[in-house]
Amino acid sequence: QVQLVESGGGLVQPGGSLRLSCVASGSIFSPNVMGWYRQAPGKQRELVATITAGGTTYYTESVKGRFTISRDNAKNTAYLQMNSLKPEDTAVYSCNYRRDSTTYWGQGTQVTVSS
């Protein structure tokens, strides 16, 4: 079992920044992939970014150049640095851990971008 705990969400004005953290605990093994997903009200959950244990990253097009995913393997922690935030980034952001065919999810953290 793997437990994921996210933090760092909140209310921010357009153009502002937030940094999300996701701490993983339990049976953590490599190789694995950690990622961030988001779900806005009335919309389907969408992939935001992923990062492998080796540091290979992927971003959905709408966040390229604004968001940066990173991880500290020694701390089993993944981060999502979000800059130049837009109102359309408002959503519940959830952390995801995937190894082989098994996936775990965090409880999610709310990010609201509004003036």
Worksheet item: On the first, second and third principal axes, largest extent first, how far apart are the outermost C-alpha atoms of the stretch 1-93 in Å?
Response: 37, 23, 22
Worksheet item: For the chain, with every protein chain kept in place, what is the accessible area per residue (1.4 Å probe, Å²)?
Response: 53
Worksheet item: Are there chymotrypsin sites (Phe, Trp or Tyr not before Pro) in the stretch 1-84 that DSSP puts in a loop and that have at most 10 other Cβ atoms within 10 Å, and which ones?
Response: 29
Discussion item. Can you work out the Karplus-derived ³J(HN,Hα) for every residue in the stretch 76-81? Use 6.51 cos²θ - 1.76 cosθ + 1.60 with θ = phi - 60°, whole Hz, and x for glycine or proline.
Written reply: 6, 10, 10, 10, 9, 8
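Roughly speaking, to the nearest percent, how much of the chain's 1.4 Å accessible area is carbon and sulfur? Could the numbers behind the result be given before it?
Values: 2870 of 6100 Å².
The value for the chain is 47 percent carbon and sulfur by accessible area.
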Discussion item. Quick check: pseudo-label points 7 Å beyond the Cα along Cα→Cβ at residue 58 and residue 1, how many nm apart are they?
Written reply: 2.9
Discussion item. Defining a contact as two alpha carbons under 8 Å apart and six or more residues distant in sequence, what relative contact order in percent does the stretch 22-115 show?
Written reply: 29
Worksheet item: Tell me which aspartates and glutamates have Cα within less than 15 Å of residue 75's Cα, excluding those fewer than 8 residues away on the same chain?
Response: 6
Worksheet item: Quick one: Debye curve from the C-alpha atoms of the stretch 53-114, no solvent, what's log10 I(q)/I(0) at q = 0.12, 0.18, 0.19, 0.24 Å⁻¹?
Response: -0.35, -0.79, -0.87, -1.26
Worksheet item: What whole number of Å gives the distance from the Cα centroid of the stretch 1-39 to the Cα centroid of the stretch 66-100?
Response: 5
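The values are calculated or read from the model by the stated rules, or taken from the named source; none is laboratory data. Keep in mind that what you see is a predicted model, and the values were worked out from it rather than measured. Note: ideal-geometry Cβ built from the backbone for every residue, glycine included; neighbour counts use all protein chains shown. Ligands, DNA and RNA are excluded from the accessible area calculation, which covers all protein heavy atoms including side chains. Shrake-Rupley method; radii C 1.70, N 1.55, O 1.52, S 1.80 Å.
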